[in-house]
Amino acid sequence: MNVLVIGNGGREHAILLALKKSKRVEKLYCMKGNAGTAEIAENVNVDYMDTEAVKEYVSAHPEIDYIVVAPDDPLAAGLVDELEAMGKRCFGPNKAAAVIESSKAYAKELMKKYKIPTAESETFESYEKALEYVRKKGAPIVLKADGLALGKGVLVCETLQQAEAGLKEIMLNKAFGTAGNKIVIEECMRGLKYTPGEEVSVLAFTDGKTIVPMITSCDHKRANDGDKGLNTGGMGTFSPCPFWTEKLEKQVMKTIMIPTMKALNAEGRKFKGCLYFGLMRTDKGMKVVEYNSRFGDPETQVVLPMLKTDLLDVFEAVTEEKLSDVKIEWEGGACVCVVLASGGYPESYEKGKEIEIGDIGDATLIHAGTAIKDNKLVTNGGRVLGVVAKGKDIEEARSKAYSAAENISWENMHYRKDIGIKYREG
């Protein structure tokens, strides 16, 4: 089969690397792709947010048998609907189901209606009413731009002053564009032992009838060590989550995962694809922090390398609503991804810096913001490379990843030095 993966970041490179292992895949395409995807797939220079251009390309290439729509924006825009209307088989939810990520306000209302555990919240379109609510509730408090904001539209405010400033940035100064026209304000959940809490990402395959969680992972959102600095799209991940147990998974399946799948079905929004659960362990049990309607980035970079089952088999089973027929198996051990970013990310940064790569051992480089210019590998984004390594445990995996990271450089390269050591006592 010939498979087209839509997207151009680290997540898409990780998906392509997993698909490349399949004996059933003949040729891979990536729209638009990056320097890393170009090594294993044919990069297609088409803007995937231009629906008509995508449809035109797909029509002109009937040899493409299957399409994976990976990023949030084209899913929210209904690209899967358009491609399926052409008779193409796809992996990814339709527009109606993708709203669980594209509108945080919708997700919160769904959870309230179906009693899925989450933080107490209110939604506002008026800046004045939102400000009044923040002053009434006090801090700490969490502000979430309603729409898509590249994973950066959430502000955890420890003081009332921070909350007021954040509200102004989102609603008046439009720091996240139209995503901030509506805002969700919620209580700041605290974990059992840690501040601000113990979070875990659980990606799950679902065909709307069956839901199968993947192995767990933990993301590091903040730009700097010690979870300091601004929120980013993710500075690194590790798998598995240290506090996750079989008992916890059963509880989450019963109280969150299955109820979410059933709630979407009841609302006429059957979800087929990868449903991402951002969860927190609190003194009142596991609660939903957020939903995503696709593979997480950089969670995918540590989850898919551990998949033993043919990914294309899983994708097709989801499309055909036969997920219960597939046995999904995982490797033991651990996996760590350290994100190498451009200096200044997530704010302003320069592109076009030449990347030098030395000995990286048995680590794998996942390309995110890279390009080839004058036959040289250069930076082309905020998050540039993900250094991924496996080991018998997290310690071994992070040691390999950091040893490899030390042999990669470009001007003003930045990365966190504490990926993989979250949730340790003391």
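The values are calculated or read from the model by the stated rules, or taken from the named source; none is laboratory data. What you see is a predicted model, and the numbers here were worked out from it, not measured in a lab. Note that we place each Cβ from the backbone using ideal geometry, even for glycine, and neighbour counts take in every protein chain shown.
Just a yes or no: is a residue in the stretch 119-130 assigned to a strand (DSSP E or B) and of a type in the set (Gly, Ala, Ser)?
Yes, there is a match, as at least one residue in the stretch 119-130 is assigned to a strand (DSSP E or B) and of a type in the set (Gly, Ala, Ser).
Looking only at the stretch 208-238, filter to residues that are among the polar types (S, T, N, Q) and within 21 Å of residue 293 (Cβ to Cβ); which one of those is farthest from the chain's Cα centre (by Cα)?
Ranking the qualifying residues of the stretch 208-238, first place goes to 210.
Which condition breaks for residue 158 when tested against (1) out of contact with any Cys (no Cβ under 9 Å at 6 or more places or on another chain); (2) surrounded by fewer than 16 Cβ atoms within 10 Å (Cβ to Cβ)?
(1)
Quick one: which residue in 16, 4, 110 is more than 26 Å from residue 260 (Cα to Cα) and out of contact with any Cys (no Cβ under 7 Å at 6 or more places or on another chain)?
Answer to the selection: 4.
What is the number of the single condition among (1) in contact with a helix residue (DSSP H, G or I) (Cβ under 7 Å, 6 or more places away or on another chain); (2) over 20 Å from residue 102 (Cα atoms); (3) not polar (S, T, N, Q) that residue 227 does not meet?
Among (1) in contact with a helix residue (DSSP H, G or I) (Cβ under 7 Å, 6 or more places away or on another chain); (2) over 20 Å from residue 102 (Cα atoms); (3) not polar (S, T, N, Q), the lone unmet condition for residue 227 is (1).
Of the residues that sit in the stretch 26-60 and are among the polar types (S, T, N, Q) and in a helix (DSSP H, G or I), which one is farthest from residue 89 (Cα to Cα)?
Step by step, filter the stretch 26-60, then rank; the result is 37.
Taking interchain pairs and intrachain pairs at least six residues apart, which have beta carbon atoms under 7 angstrom, with the first residue in the stretch 385-396 and in a strand (DSSP E or B) and the second of a type in the set (Ser, Thr, Tyr)?
What qualifies is 385/370; 388/364.
Suppose we filter the stretch 303-334 for residues that are within 16 Å of residue 21 (Cα to Cα) and either hydroxyl-bearing (Ser, Thr, Tyr) or in a helix (DSSP H, G or I) (or both); how many remain?
Counting residues in the stretch 303-334 that are within 16 Å of residue 21 (Cα to Cα) and either hydroxyl-bearing (Ser, Thr, Tyr) or in a helix (DSSP H, G or I) (or both) gives 11.
Of (1) surrounded by fewer than 19 Cβ atoms within 10 Å (Cβ to Cβ); (2) closer than 22 Å to residue 44 by Cβ, residue 406 satisfies all except one. Which?
(2) is the only condition that residue 406 fails.
List every residue pair whose Cβ atoms lie under 6 Å apart, where the two residues are 6 or more positions apart in sequence or sit on different chains, the first residue falls within the stretch 246-259 and is in the same structural domain as residue 206 (by TED's automatic domain parsing), and the second residue, located anywhere, is at pLDDT below 95 and surrounded by 14 or more Cβ atoms within 10 Å (Cβ to Cβ).
Pairs that qualify, where the first residue is in the same structural domain as residue 206 (by TED's automatic domain parsing) and the partner is at pLDDT below 95 and surrounded by 14 or more Cβ atoms within 10 Å (Cβ to Cβ), are 252/286.
Restricting the search to the stretch 142-161, which residues are more than 16 Å from residue 278 (Cα to Cα), part of a strand (DSSP E or B) and within 17 Å of the chain's Cα centre (by Cα)?
145, the sole residue that qualifies.
What number of residues within the stretch 141-151 satisfy the criterion of being surrounded by 18 or more Cβ atoms within 10 Å (Cβ to Cβ), modelled with pLDDT under 90 and in contact with a Gly (Cβ under 9 Å, 6 or more places away or on another chain)?
Number satisfying all stated conditions: 3.
Can you confirm whether the stretch 54-64 contains a residue that is in contact (Cβ under 8 Å) with a residue 60 or more places away in the chain, closer than 22 Å to residue 11 by Cα and over 18 Å from the mean Cα position of the chain (by Cα)?
yes
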